[in-house]
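Novice: Take a look at this one; I'll ask things after.
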Amino acid sequence: MDGNGRWAQQRNRPRLFGHQAGARRVREIVNACPDLGIKYLTIFAFSTENWKRTQAEVSGLMMLFRRYIQKESQALLREGVRVRFIGDRDRLEAKLVRLMDELETLTAGNDRVHLTIALNYGGRDEVARATRRLAHEVAAGHIRPEDVDAETLARFLDTCVLPDPDLVIRTSGEARISNFLLWQSAYAEYEFTPVLWPDFTAEIFGEIVGRFSQRERRFGAIGH
């Protein structure tokens, strides 16, 4: 969900103003998912590299995450959205982690849309953490080294209960994946749009999903 800061700067407003607008846009996109046939949606909210931003912006984002959970939790429950968080929670403040846990528990029975929020997430960090957990299991004798394969490692990823993504969309004109779902996106289709995230409407979302539906996905095989 890239482009919040630039969207705000174009309006001579602080970057946090853009992040607030971006947070409001999330609801529209989540609500559009059922009509588009989308069961699983993952949004990249804060990366492991975003700590490099100014302390003011990071603090503002953490406050925004807390407010979003507190404000949207009942609506998400009513609308049948199940929320999960992926990423390393160890660096996050205790209050935010508590709210995350509570939202996951509150919506655990929902199945209309599965919304995954990547918070303090990085693809390389995720694989490193998964490998570390797998190594402990091997060292403890629970898994034999010769039995370790791609499926084994996938069971230790943050996304172990989720399907791999079919489509990855990046807004704001940047044409890179920026450490997002590196393992899981091996055969995902990509769309890069110049639209800044606060301007990314359900209509634009639908157009991209429509183009995706016309693609031939071969997964290494020969097409027809």
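Every number in this text was worked out from the coordinates using simple rules, so none of it is lab data. Here the structure is a predicted model, which means the values were calculated and not measured. All Cβ positions, even for glycine, are placed from backbone atoms using ideal geometry, and neighbour counts span all protein chains on display.
Novice: Could you give log10 I(q)/I(0) at q = 0.15, 0.16 Å⁻¹ for the stretch 70-134, computed by the Debye formula over C-alpha point scatterers of equal weight, without solvent?
Specialist: Here the Debye-derived log intensity ratios amount to -0.53, -0.59.
Novice: Please enumerate, by chain and number, the lysines with C-alpha under 27 Å from the C-alpha of Lys52, excluding those fewer than 8 residues away in the same chain.
Specialist: Filter leaves Lys95.
Novice: Full extension from Gln74 to Ile43: what is 0.36 nm times the residue separation minus their Cα-Cα distance, to one decimal in nm?
Specialist: On the way: separation 31, 0.36 × 31 = 11.16 nm, distance 1.93 nm.
The Gln74-Ile43 span can extend by a further 9.2 nm.
Novice: Given the options Ala140, Ala186, Ala23, state which has the largest fluctuation in a GNM of the chain using a 10 Å cut-off (strictly under) for Cα springs.
Specialist: Result: Ala140 has the largest fluctuation of those listed.
Novice: Which of the listed residues, Val26, Val81, Gly60, is farthest toward the dipole's positive end in the stretch 20-116, when Lys, Arg count +1 and Asp, Glu count -1 at the beta-carbon?
Specialist: The residue sitting farthest along the positive end of the dipole is Gly60.
Novice: With viscosity set to 0.692 mPa s at 37 °C, what whole-number translational diffusion coefficient in µm²/s follows for the stretch 4-210 from Stokes-Einstein and a Kirkwood radius over Cα pairs? Intermediate values should be presented prior to the final figure.
Specialist: Details: Rh = 18.3 Å.
Rounded to a whole number, D works out at 180 µm²/s.
Novice: Moving on to the next point. What residue among Glu146, Glu174, Glu207 has the largest mean-square fluctuation in a Gaussian network model of the chain, using Cα springs under 10 Å?
Specialist: Among Glu146, Glu174, Glu207, the largest mean-square fluctuation in the Gaussian network model of the chain belongs to Glu146.
Novice: For Ala140 and Asp166, what is the calculated FRET efficiency with R₀ set at 35 Å and r taken between the beta-carbons, to the nearest 0.05? Kindly include the intermediate steps, with their values, before the conclusion.
Specialist: Numbers: r = 36 Å, r/R0 = 1.02.
Between Ala140 and Asp166 the formula returns 0.50.
Novice: Per DSSP helix of 4 or more residues, -39500 (n - 2.57); summed, then divided by the residues of the chain. What does that give at 222 nm, rounded to the nearest 500? Mind showing how you got there, number by number?
Specialist: Working: 7 runs with 95 residues, N = 224.
About -13500 deg cm²/dmol.
Novice: Explain nothing, just the number: dipole magnitude of the stretch 140-189 about its Cα centre with +1 on each Lys and Arg Cβ and -1 on each Asp and Glu Cβ, in debye rounded to the nearest 20.
Specialist: Details: 4 positive and 9 negative charges, 40 e Å.
That gives the stretch 140-189 a dipole magnitude of about 200 debye.
Novice: Right, something else. Mind checking the dipole of the stretch 37-130: about its Cα centre, +1 per Lys or Arg Cβ, -1 per Asp or Glu Cβ, Debye to the nearest 20?
Specialist: Details: 16 positive and 13 negative charges, 29 e Å.
The calculation lands at about 140 debye.
Novice: Calculate, in nm to one decimal, what Asn179 and Asn31 gain on full extension: separation in residues at 0.36 nm each, minus their alpha carbon distance.
Specialist: My answer for the length gained is 50.6 nm.
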